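Q: A single structure is presented below for examination.
The values are calculated or read from the model by the stated rules, or taken from the named source; none is laboratory data. Note that the structure is a prediction, hence the values are computed from the model and not measured. Backbone-built Cβ (ideal geometry, glycine too); neighbour counts: all protein chains shown. Ligands, DNA and RNA are stripped out before the accessible areas are found, and what is left, the full protein with its side chains, is counted by its heavy atoms. Shrake-Rupley method; radii C 1.70, N 1.55, O 1.52, S 1.80 Å.
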Amino acid sequence: MILLFLAAQAATPPAATPEPAPARFSILQPIANEPCVRRGKDGKPLNGPDDIVVCGQPLPSQALPYPNEVVPKGPVPSNPYMTGTGALAAEATPCAAATGGCQTGIDFFGSGTQAVRLIQKIVAPDSCCERPGEARDLGMLITDAAKGVGKAFRKKPDKSKRVAITLDDVPPPKSVILP
């Protein structure tokens with residue numbers, strides 16, 4: 001089957017294509033009142049199809065903008081010239097160069113510490129977070145908890161303003177037995 005197909009292709013002569021006329025093209029379309037095209041008295045151009053005409057002072061509507069002056073209508077590439085500095089400018093600051101460093105994963109201890117501090121703020125509004133970083137630091141939370149436990153088992157000071165009476169120097173009262 002393949003041999004039959006190849007034989008049929010070899011037997012058909014290629015179709016003769018006519019010679020195309022030389023193509024005329026222009027960067028700027030000529031305008032009838034353009035001063036750089038030489039025209040005769042009848043208004044027809046004097047140059048032939050093989051002449052190349054370069055306008056010394058084109059009309060403003062014909063001027064092409066410079067690449068840096070073109071206002072894009074859509075998205076543009078961030079690094080069109082593919083330079084290293086352009087790539088660095090387009091990329092965000094690497095985490096190693098940032099002040100906070102590289103943040104990866106989830107901070108369970110920091111989140112848990114914040115939750116405990118939030119509950120502590122609700123129960124006792126003036127009890128925590130006076131030092132910088134105390135809201136997320138697990139070590140400061142453990143220190144505060146240890147101080148709280150120490151205060152719970154410490155002997156409380158007497159706030160009733162009672163006066164102690166010593167009974168060592170006073171003789172015991174005489175006992176009286178009544179009938």
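Q: Out of all the residues in the stretch 98-120, is one or more open to solvent by 60 Å² or more (accessible area, probe 1.4 Å), more than 32 Å from the chain's Cα centre (by Cα) and not charged (D, E, K, R)?
A: yes
Q: Could I ask something else about it? Tell me, yes or no, whether the stretch 136-151 has at least one residue that is open to solvent by less than 100 Å² (accessible area, probe 1.4 Å), more than 30 Å from Pro67 (Cβ to Cβ), at pLDDT below 85 and outside any helix (DSSP H, G or I).
A: no
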